[in-house]
Structures are given as C-alpha cells and as structure tokens.
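One structure is given below, encoded as structure tokens.
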Amino acid sequence: MPPPPSILVFGSINMDVVTPLQRLPRPGETIHAGDIMLAPGGKGANAAVAAARLGGKVRFAGSVGTDSFGLQLRANLEREGIDTRALRDSTKSSGTAVILLNQASGQNSIMVGPGANAEATAPADPAWYAGAGMLMLQLETPVEAALDAARHARSQGVPVMLDPAPALPELPRELLSAVDYLLPNETELATLSGQPTDSFEQIVQAARSLVQNYDVREIVVTLGAKGALWLNAETSLHVPSIPVKAVDTTAAGDTFAGALSVALASGHSMPEAIRYAVVGGALACTRRGAQPSIPYRVEVLEKMSASTR
C-alpha cells in the first residue's frame with residue numbers, strides 16, 4: 001500500500017459557535033435558539049482535518065490565540081494526527097465564527113471574527129514545503145500571506161489549491177496565476193468573474209472566463225446538491241452529487257477540498273478525484289458542526305461503493 005500523500009494547509013483556525021434557529025431575528029427582537037454547540041472550525045483547519053481523515057498526512061500552518069479556545073483548537077488538530085509545529089501562538093484572541101443554522105433547510109449564515117488569523121504568516125522555511133503533494137489555501141487569512149505561501153510552494157514544485165472564500169471581487173493576478181486548482185462555489189464564482197451564475201450555462205461561461213482571462217489552469221466549481229463542475233482550457237465535466245438529507249452544510253466545501261487534494265496528490269485522475277470529493281462533501285452535510293461532520297475515508301469509500309451497485 002503506498003504511503004499517504006503529504007498535504008500542506010496554510011489557513012484559518014476558529015472556534016465555531018453553532019446557533020440553530022427557526023429564522024433570523026428582526027432588529028430589536030429576541031428569539032429562542034436551539035442548543036448552542038461549540039465546535040472547532042475555520043476553513044483552513046476544516047480542510048486540514050478533512051485531508052487527514054480522508055487519507056492524507058497533513059501539516060498545518062496558521063496563527064491561534066493562547067486563550068482557552070486556542071488550546072482546544074491546537075489539541076484538536078493534534079488528536080487528528082496533524083503536524084502543528086508551524087501553527088504559531090498569537091497575543092490576539094483565537095478566531096471565532098458565529099454560525100446561524102437554519103434548522104429547516106440546513107443552510108447557514110456565518111459571521112467571522114478573525115482574531116489571531118489576521119496575523120497569520122506563511123512559513124518561510126523551504127523544508128516545510130519540500131516534497132508535498134499539495135498546498136491548500138483559503139482567504140480567511142491575509143491575501144498577501146496566502147500569496148507568499150503559494151510562491152514558496154511553487155518554488156518547491158508543490159501544486160497549489162485555492163478555495164477563494166470568503167469571496168473577494170479582485171484577487172492579485174499573481175495569486176491566480178500561482179494556483180493550479182481553483183475551487184469556488186457558485187457565489188464565489190460570480191464575485192470573481194463579475195458574471196451571473198443563476199443557471200448552469202451561466203456557471204460554465206463564468207468559469208470559462210476565469211480560465212481564459214486570469215490564467216486559471218483548472219477550476220472546479222462546487223454546486224452543492226448538484227455536484228461539481230470541472231473546467232479547463234481543453235475540457236469540462238459535470239459530476240453529479242449523491243442524494244442525502246442535509247442537516248448542516250457548514251464544512252461541506254472544506255471537506256470537498258480536502259478530499260480532492262488527497263485524491264489528486266495520490267495520483268487519481270480529476271474525474272475520479274471529483275467523485276471522491278463530491279461524496280465526501282455530501283456526507284459532511286448529514287451531521288451538525290464543522291469538523292464533527294467531516295467523514296472518514298472508509299465512510300466515503302463505502303458510500304461510493306453502495307451508490308454504484
């Protein structure tokens with residue numbers, strides 16, 4: 001059996017305050033919420049946990065507070081077998097996200113206080129990057145820091161995957177040019193391209209515009225319950241999802257990214273990797289919380305096997 005691929009993650013780490021609601025309160029109104037849950041989160045840490053559970057050997061870099069949340073967050077990554085030696089302590093409080101969860105639909109709205117994430121800097125030691133199969137990035141840390149990480153990775157021949165969330169209307173062209181795999185959802189695609197994404201045809205056109213105009217090599221658009229679209233200069237492919245009952249979609253995109261990075265770094269083709277990622281992301285929707293919802297490799301493989309019978 002081949003060794004697990006080495007996956008690097010530079011990104012955010014938060015404590016999530018998950019608040020189940022029937023509806024959002026109006027200004028000045030107090031309403032009852034369901035049982036509030038504290039759960040480790042942050043797009044970077046979620047992606048790292050996903051990559052670890054789904055078959056990767058993961059190293060994580062970022063910034064966390066030395067408060068009680070920070071101690072819990074660091075310990076949680078280490079329990080997942082993730083190397084945290086590049087996770088730096090900050091005098092700022094740990095990042096915190098308040099997640100308003102619609103109990104009826106499973107959809108969520110998220111407010112993030114970056115805290116220590118705002119001080120995150122990319123590791124400068126070339127040894128941290130050397131020999132890795134993928135560097136995963138997101139945008140909950142400073143964009144310039146993500147660009148630094150991409151530069152270091154490229155200098156070591158490491159492919160770069162960017163989940164462009166939270167969406168920004170303009171990203172440095174150098175960052176997009178340094179990215180091998182861009183993973184927006186429909187909303188982020190609309191923001192990046194400046195084009196509507198209300199229909200599948202519009203999504204294809206917006207994705208194609210990024211490939212043509214911004215040097216994006218490979219783009220994989222996550223489409224929620226509709227699966228994912230892969231597009232590059234030569235080809236495009238729509239991979240449908242599997243039916244699940246969505247309970248909480250919080251970490252679905254992060255799980256998709258972690259699964260995709262592991263599959264690609266393991267040498268699988270893009271269609272195979274997307275199928276693995278689609279099933280992983282779908283399973284993450286069936287449980288509450290960010291990292292608590294992320295499935296393990298055996299669960300994804302069993303679900304893939306069952307869906308092809």
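The values are calculated or read from the model by the stated rules, or taken from the named source; none is laboratory data. These numbers come from a predicted model, not from an experiment. Using ideal geometry, Cβ is built from the backbone for each residue, glycine included, and neighbour counts are taken over all protein chains shown.
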For region 1-33, how many residues meet the condition of being among the aliphatic types (A, V, I, L, M) and buried (at least 16 other Cβ atoms within 10 Å of the Cβ)?
8
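For region 21-60, how many residues meet the condition of being of a type in the set (S, T, N, Q) and either in a loop (DSSP other than H, G, I, E, B) or at pLDDT below 95 (or both)?
2
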Could you list all residues from region 157-193 that are among the polar types (S, T, N, Q), surrounded by 14 or more Cβ atoms within 10 Å (Cβ to Cβ) and more than 14 Å from Val211 (Cβ to Cβ)?
Asn185, Thr191
Answer yes or no as to whether Glu218 is touching a strand residue (DSSP E or B) at 6+ places or on another chain (Cβ under 9 Å) and either under 20 Å from Asp180 (Cβ atoms) or of a type in the set (S, T, N, Q) (or both).
yes
Given Ala116, Ala145, Ala150, Ala132, which one is crowded, with 19+ Cβ neighbours inside 10 Å and touching a helix residue (DSSP H, G or I) at 6+ places or on another chain (Cβ under 6 Å)?
Ala150
Would you check which residues across region 182-194 are assigned to a loop (DSSP other than H, G, I, E, B) and under 16 Å from Glu140 (Cβ atoms) and list them?
Leu183, Pro184
Counted residues in region 75-89 being farther than 30 Å from Leu223 by Cα, surrounded by 20 or more Cβ atoms within 10 Å (Cβ to Cβ) and among the aliphatic types (A, V, I, L, M) come to 1
Of the residues that sit in region 64-97 and are basic (Lys, Arg) and not in a helix (DSSP H, G or I), which one is farthest from Ala116 (Cα to Cα)?
Arg85
Residues within region 139-194 that are touching a residue at least 60 places away in the same chain (Cβ under 8 Å) and of a type in the set (Val, Ile, Thr), tallied
2
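This table checks each residue for (1) surrounded by 16 or more Cβ atoms within 10 Å (Cβ to Cβ); (2) more than 23 Å from Val278 (Cβ to Cβ).
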position: Ala45; (1), (2): yes, no
position: Thr66; (1), (2): no, yes
position: Leu73; (1), (2): yes, yes
position: Thr91; (1), (2): no, yes
position: Gln103; (1), (2): no, yes
position: Asp125; (1), (2): no, yes
So the check is Cβ under 7 Å with 6+ separation or different chains; which pairs have a first residue in region 81-92 that's modelled with pLDDT of 95 or more and among the β-branched types (Val, Ile, Thr) and a second one that's in a strand (DSSP E or B) and crowded, with 20+ Cβ neighbours inside 10 Å?
Ile82/Val58; Ile82/Phe60; Thr84/Phe60
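Which of the residues belonging to region 166-185 are among the charged types (D, E, K, R) and modelled with pLDDT under 95?
Passing the criteria: Glu170, Arg173, Glu174.
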Of everything in region 121-154, what is under 24 Å from Pro3 (Cβ atoms) and of a type in the set (Ser, Thr, Tyr)? Give them in sequence order.
Tyr129
Checklist (1) of a type in the set (A, V, I, L, M); (2) within 24 Å of Val58 (Cα to Cα); (3) modelled with pLDDT of 95 or more applied to Ala190, failing item:
(2)
Looking at Ala47, is it within 26 Å of Ala149 (Cα to Cα) and touching a helix residue (DSSP H, G or I) at 6+ places or on another chain (Cβ under 6 Å)?
yes
